[in-house]
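No value in this document is a laboratory result; all are computed from the given coordinates. Quantities reported herein were computed from a predicted structural model and do not represent experimental measurements. Because the Cβ atoms are built from the backbone with ideal geometry, glycine has one as well, and the counts that use them run over all protein chains shown.
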Amino acid sequence: MEEDILTTLKILIIGESGVGKSSLLLRFTDDTFDPEQSATIGVDFKVKTLSVDGNKAKLAIWDTAGQERFRTLTPSYYRGAQGVILVYDVTRRETFTKLDNWLNELETYCTRNDLVKMLVGNKIDKENHEVDRAEGLKFARKHSMLFIEASAKTRDGVQCAFEELVEKIIQTPGLWQSENHGRPVQLTDEDVGGESCGGYCALF
Amino acid sequence: MEEKQRSPGSDFTPDPGGAGATQDVPSDQRKDKMIISRQLTEQSRFAYAALCGVSLGQLFTGTVNSVFRQQYLKGLVRWLDLDESVMPVMGAFLSGLGFEGSDTFLSVLQAEPLLAAGATPIIQDLVSFSVKDGQYDARARVLIRHVSCLLRVSPQQLEEFEETLGESLREAGKESEEESSRRQKKERGRKLRRYLLIGLATVGGGTVIGVTGGLAAPLVAAGAGAVLGAGGAAALGSATGIAIMASLFGAAGAGLTGYKMNKCVGAIEEFEFLPLSSGKHLHLTIAVTGWLCSGKYSSFQAPWCSLGECGEQYCLVWESRFLRDLGSAMTSLLDGLVSMVAQEALKYTVLSGIVTALTWPASLLAAASVIDNPWCVCLNRSAEVGKHLAQVLRSRQQGKRPVNLIGFSLGARVIYYCLQELASDQGSEGVVEDVVLLGAPVDGSEKAWERMTRVVAGKIVNGYCRGDWLLGYLYRSSAAQLCVAGLQPINIQDQRIINVDLSSVVKGHLDYMRQMDTILVAVGVPTKEVPGASFAVLQPSIKKRTVDIPDQQTTQERQVTEAENPEGGTHTEESRDGKEVAETGEIGEGWDIPDISDLLDSLHDAESDSQTAIQKNFSLTAEESASGNATESGYNARYDVKDTDLDNEHISWSWDDTSWTAEHSDQ
């Protein structure tokens, strides 16, 4: 079992408080959903093995606390992360506008400049969307991120989000092969738009 | 440093009644208030637990300790009143992930307003947490030391707090008579295997045994009030219902001092503990002496007089009859039978690392009968005593608290065998904290030492001296002669094993006893100033250390002079030279190495000199001097090898002291 695993990837989930980071993770790892999910203390950690294109990857997922008081703890987890999932709540505009801060923090603390970023708009099962899909897509393109809309409650897009992220990381050998890490990755707007978003448009 | 409320006396309730009163108010609110760590903000508590988790993961790798790691951290999370949901991430920390977060955790704790005056409360809290179940695991203490180092809390502060807590717990931990009689009854009914009986060999109807079963009387942690505040004591007391504090300190308060060996335990004649310090601590140190001399060093305690703050101190008294024999044999060998010059030469031979029976000078081989017999007897005895010590420790005669072991020469061998014995047993982890072995006449092979690391929570210091010819000589007939721990560093990739080259301090095997205060500083054991000692050792200053060496040398020389050695004058000259070299502050290169060719001459001279000089003690027969010449040719070969060796390993040898040999030949 252990031998089949191609690599272990460090994935980080960040975003404002209450956007559903822990719910996304719980849906992905345990396929459960708790509407009363309590606030994360400090950070949570889960391991899950994922198979993408026949490659098995072990994901060590660090789910950070969104609450302001735990913000001081977050920087330590950025180190060595190969993939980051930024989450916002489609029903709360402020969680979307604060994404810039998160990107800044990411820029400041992460040790690799080539890590793969994925933007997830959560809670699409809810009615009153304040951020529409096009807006999210535009933001993701601007910052060379993968993009998907998802709902932890209805399972929509959750699995896809992680799979897509892992696929992208594995396609970037410099990221997970320690010998030649540091090789810059070309993530142009076209890449993001054409490849990942295009793919998902068909899903919904 | 410590807050007012923590100082002993302010709300100390020594009588159990008072303690009971304290217990009556364990309303959760009050309890929470009193455990200082629970007053911290949630993020600080998380950082605190995470820091411990990361440290545990770093300090205790391997599967043997995994249960301890998990239980300790789980307990800590509960103690801190953190949500159970943090356990997965704590598990990740334990398995070595996320250690890069230490800095962040530290800065979070430093930003905590409650800890503005320093992180001492955290450490105090951690100690209280660690002893709350009446068991202070050695690994917990190693963790606490590690964390206090990270949080910049001085070891003295930790030691002080432990002492205060220990004293007050001890006050509270007196066992009632009713309880002890009940326990005795229980013990009598128990069938014990013979080896266990030997290990426990106690007087007073085996009062001691019960504690190890963890069935000691339930006791109220009244004493904790003295240091933790009344509510803190309640927290300690109610955390497990009623805390079992007596077990911390060992059987019925008697502990090691009360330990008496059964008369007929195997081959051991004598085995008991002698207290070196007063007071009660949460940890203890057992010092094991290697041999006994006449005069100043005629007692087991004598070499350890400068041992400083390291918990309760005990000295193991063992087989004094044989150790005395060995001591006098060694002294006569070093101070009379073998000339100084020959000793110097021997030192370099041993340095070369190739020691075979052929290279030993005739004078020494002739003296073999003097030393070999007591040495062999003591080798066997020390192994036996070591195994017995393991039984004592395993049965927790010392109470459930961490033990440090320190010993030199055969004492180190006792400890070595003790650890080997412990290692062959399951569940002996967490008993021994730190170990210091000095000039250990034991196998230094990787395999043997790897085993030992399993049962030692902290560090294992191997203090060795490359030029300890006596040790090499005594080992000449043994198969392990090329791999003696006391002669060389242990080559093993383990962060816990620390090799300390004591060559600059120890010039002969006897120096392990004579220079103990200097050695203790060199290996990082806390020391204290002793009235009448040659220097103050509170701050480990290298200069002081080296200055002390010539003193020693002079005394040695004087002894030689007294032995009517005609070379006495020359030697005094030499020692003065040595002093000059030492006072320039050369680290670690206290001794002077003469030029090799001169040395060969002097060796030759020495052999012939000794013929006339040491008539009083010893006279060489014609046959022997012939073999002496034969040896010389042996030396020639050795020196070639040694030449390169020295260059590689000791770059800063001072070669400028050839004058004495010149003078010597003049004579």
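With 22 Å as the limit on Cα-Cα distance, the pairs of A:Lys46/A:Lys126; A:Lys10/A:Lys126; A:Lys98/A:Lys123; A:Lys21/A:Lys126; B:Lys459/B:Lys507 that go past it are A:Lys46/A:Lys126; A:Lys10/A:Lys126; B:Lys459/B:Lys507. Cβ-to-Cβ counts within 10 Å put B:Cys315, B:Cys465 in ascending order as B:Cys315, B:Cys465, the fewest first. Extending 7 Å from the Cα toward the beta-carbon at both A:Lys48 and A:Ile5 defines two label points whose distance is 1.5 nm. Assuming charge only on the beta carbon of Lys and Arg (+1) and of Asp and Glu (-1), the dipole of segment A:1-130 about its Cα centre is about 280 debye to the nearest 20. At an R0 of 22 angstrom, the distance between the Cβ atoms of A:Thr111 and A:Thr72 translates into a FRET efficiency of 0.75.
Judged by the mean number of other Cβ atoms found within 10 Å, the most tightly packed of the peptides B:496-502, B:53-59 leads the ranking B:53-59, B:496-502. Close amide H pairs (under 5 Å, H built 1.01 Å from N) link B:Asn499 with B:Asn462, residues at least 5 positions away or on another chain.
Going by neighbour counts of Cβ atoms within 10 Å, the residues A:Lys142, B:Lys507 line up, fewest first, as A:Lys142, B:Lys507. The modelled label-to-label distance for the pair B:Ser424/A:Gln171, using points 7 Å beyond Cα in the direction of Cβ, is 6.2 nm. Only one residue of B:Gly98, B:Leu109, B:Ile36 has its Cα farthest out toward the positive end of the dipole of segment B:36-173, where Lys and Arg carry +1 and Asp and Glu -1 on Cβ, and that residue is B:Gly98.
Under the rule a/c < 1.5 gives rounded, and otherwise a/b versus b/c splits prolate from oblate, where does segment A:7-175 land using the Cα gyration tensor? Judged from the Cα gyration tensor, segment A:7-175 comes out rounded (a/c under 1.5). Dipole check for segment B:36-173: with +1 at the C-beta of Lys and Arg, -1 at the C-beta of Asp and Glu, and the Cα centre as origin, the magnitude is about 300 Debye.
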